[in-house]
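Let me begin by presenting the structure, written as structure tokens, before commenting on it.
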Amino acid sequence: MTDEEIKNQQEETSKLSKIPGEVRGQVFLTDLEYVREKKGENGVSALKQKIKEWEGLIKYEKIKTTEWYPIGLRAISLLAIKEVFSWNEDEITKMGNSAPKYSFIVKMLMKYFLSPERTFDESPKYWEKHYSIGKLEPYKYSLADKMYILRLHDFKIHPLICAYLKGYFVKIGQFTQKAKLSSEETKCVFKGDPYCEYILKWE
């Protein structure tokens with residue numbers, strides 16, 4: 001990578017780091033555990049080196065699970081992972097799907113996962129435990145159509161997070177929905193829509 005490319009990336013990450021809002025440190029620790037599982041310690045080292053090139057905005061080893069950090073760093077972590085390992089958006093979605101199994105916060109919130117309906121209804125509270133901005137709306141739940149719809153309002157950070165959440169929401173649903181789940185982002189703020197909409201269906 002040329003010095004100019006590195007400079008451009010540094011400018012982008014600097015802008016992201018200034019976006020208003022916060023996220024719990026847990027998201028960075030789950031990123032790290034996923035990289036460690038898939039790429040080993042060499043992968044972890046490569047990720048940290050990439051972050052260092054971007055002015056060391058994330059210090060994974062100092063992250064605390066329940067402390068709040070700038071929301072833009074959430075996108076920066078995903079961008080670094082995507083670049084280091086040449087992953088596409090499908091890989092980021094898979095990463096989101098695996099994240100809950102590493103999460104201490106998810107384990108704390110398991111009391112909400114009593115049934116598919118309860119999980120759906122309680123999703124706004126669950127969101128607020130992780131993010132200080134954005135409003136997750138449980139828009140529709142239909143047993144007849146075997147689907148439910150989530151709408152995420154006032155949350156425009158980076159398209160990679162949209163891809164990540166598509167997998168993440170599926171995994172949360174699978175805690176109580178004992179069926180094969182799939183998801184699709186049918187609306188997105190990065191495509192001009194007023195909110196991001198995720199439709200999850202089961203068989």
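Read-outs throughout are calculated quantities, based only on the coordinates presented, and are distinct from any laboratory measurement. None of the values given here were measured: they were computed from a predicted structure. Heads up, the Cβs are rebuilt from the backbone with ideal geometry, glycines too, and the neighbour counts pull from every protein chain shown.
Across the alpha-carbon set of the chain, the Rg to Rh ratio works out to 0.97, Rh being the Kirkwood radius.
3J(HN,Hα) along the stretch 139-147: 6, 8, 10, 9, 5, 4, 8, 6, 7 Hz, from the Karplus curve 6.51 cos²θ - 1.76 cosθ + 1.60 with θ = phi - 60°, whole Hz, x for Gly and Pro. The phi torsions of the stretch 66-77, fed into the Karplus equation with coefficients 6.51, -1.76 and 1.60 and a -60° offset, translate into couplings of 9, 7, 9, 9, x, 4, x, 5, 5, 5, 4, 4 Hz, rounded to whole numbers, with Gly and Pro shown as x.
Cβ crowding within 10 Å ranks CYS188, CYS162 as CYS188, CYS162, fewest other Cβ atoms first.
Compute the helix-to-body angle for 3-17: its Cα long axis versus the longest principal axis of the chain, expressed 0 to 90° and rounded to tens. Result, in degrees: 40.
When only Cα pairs below 8 angstrom with a gap of at least 6 residues are kept, the chain shows a relative contact order of 21 percent.
Take every Cα pair under 8 Å in the stretch 3-101 that's 6+ residues apart, average their separations, divide by the length, and report that relative contact order as a whole percent.
Details: 96 pairs, mean separation 40.9, N = 99.
Once divided by the residue count of the stretch 3-101, the mean separation gives 41 percent.
Only Lys, Arg, Asp and Glu carry charge here, each on its Cβ (+1 for the first two, -1 for the last two); on that basis the stretch 1-151 has a dipole of about 600 debye about its Cα centre. Count Lys and Arg as plus one, Asp and Glu as minus one, and take only other residues whose Cβ is under 9 Å from that of VAL84; the net charge is then +2. GNM remark for the chain: springs join alpha carbons under 10 Å apart, and the peak mean-square fluctuation among VAL170, VAL189, VAL27 falls on VAL189.
Between the amide H of ASP193 and those of CYS188, distances stay under 5 Å, these residues lying 5 or more places away or on another chain, with hydrogens modeled in the peptide plane.
Residues LEU143, LEU165, LEU79 in ascending order of nearby Cβ atoms (within 10 Å, fewest first): LEU143, LEU79, LEU165.
Ranking ILE149, THR176, GLN26 by Cα position along the charge dipole of the chain, where only Lys, Arg, Asp and Glu carry charges on their C-beta atoms, puts THR176 farthest toward the positive end. Give me the distance between the Cα centres of the stretch 152-190 and the stretch 1-74, rounded to whole Å. Going from one Cα centre to the other spans 21 Å.
A simple rule links phi to the HN-Hα coupling: the Karplus curve 6.51 cos²θ - 1.76 cosθ + 1.60 with θ = phi - 60°, which for the stretch 86-93 gives 6, 7, 8, 5, 4, 5, 5, 5 Hz, with x for Gly and Pro.
Between the amide H of LYS140 and those of ILE149, distances stay under 5 Å, these residues lying 5 or more places away or on another chain, with hydrogens modeled in the peptide plane.
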